[in-house]
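K.L.:
Provided herewith is a single structure, encoded as structure tokens, for subsequent inquiry.
No lab work stands behind these numbers, since they all come straight from the coordinates. Every value quoted in this text rests on a predicted model; they were computed, and no experiment measured them. Using ideal geometry, Cβ is built from the backbone for each residue, glycine included, and neighbour counts are taken over all protein chains shown.
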Amino acid sequence: MKIKVKRVCISTPAAFEGTTDSGEYVFIRYRFGRFTLEIGEDLFTAQLGDRYDGYMTDEQLKDHMAFNGHEIEIEPEEELK
């Protein structure tokens, strides 16, 4: 499955929104060391870090998504507020 997202929050939580190649809504969040991936009605979570973790780089996200069998494209970041 191909997914295209953009970062909507830098950290605490790191968050991304987007869609799949079939048009389903995607939301990804990393907060308190917990990675959460929502695709449509499906939900996947995994504890990846300790309770103070809330930052994830684009490369880390790509690695986690590839591990779960998803190809992801991350749009270039605009200035986030």
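K.L.:
Under 10 Å, Cα contacts only: if you run a Gaussian network model on the chain, which one of GLU17, GLU59, GLU41 comes out with the highest mean-square fluctuation?
P.N.:
Maximum fluctuation in the GNM of the chain, among the listed residues, is at GLU41.
K.L.:
Just to be sure I understand the model, the point goes 7 Å from the Cα along the line to the Cβ. What's the resulting ASP50 to THR20 distance in nm?
P.N.:
So the two model labels end up 3.6 nm from each other.
K.L.:
Residues with amide H under 5 Å of MET56's amide H, sequence separation 5 or more or different chain, H placed in the peptide plane at 1.01 Å from N; which?
P.N.:
ALA14
K.L.:
Right, here's the next one. Calculate, in nm to one decimal, what LYS62 and PHE32 gain on full extension: separation in residues at 0.36 nm each, minus their alpha carbon distance. The partial results should precede the final answer.
P.N.:
Values: separation 30, 0.36 × 30 = 10.80 nm, distance 1.92 nm.
Stretched fully, the LYS62-PHE32 segment lengthens by 8.9 nm.
K.L.:
With an 8 Å cut-off on Cα pairs and a minimum separation of 6 or more residues, tell me the relative contact order of the chain in percent. Display every interim value, and only then the final one.
P.N.:
Values: 170 pairs, mean separation 25.1, N = 81.
Computed value for the chain: 31 percent relative contact order.
K.L.:
A further question on this structure: Average projected area of the Cα convex hull of the chain, in nm²?
P.N.:
Numbers: hull surface 19.9 nm².
Value for the chain: 5.0 nm².
K.L.:
State the extension gain, in nm to one decimal, for the chain segment bounded by GLU41 and LYS4, taking 0.36 nm per residue of separation less the distance between their alpha-carbons. Kindly include the intermediate steps, with their values, before the conclusion.
P.N.:
On the way: separation 37, 0.36 × 37 = 13.32 nm, distance 1.73 nm.
Here the segment from GLU41 to LYS4 would lengthen by 11.6 nm.
K.L.:
As a test of the formula, what do you get for the chain when each DSSP H run with n ≥ 4 contributes -39,500 (n - 2.57) and the sum is divided by the residue count, at 222 nm and rounded to the nearest 500 deg cm²/dmol?
P.N.:
Details: 1 runs with 10 residues, N = 81.
Estimated from H runs of four or more residues: -3500 deg cm²/dmol.
K.L.:
Here's another thing I want to ask about it. Taking the Cα centre as origin and putting +1 on Lys and Arg beta-carbons and -1 on Asp and Glu beta-carbons, what dipole magnitude results for the chain, to the nearest 20 debye? Spell out each step's value before the answer.
P.N.:
Details: 10 positive and 17 negative charges, 62 e Å.
Dipole size: approximately 300 debye.
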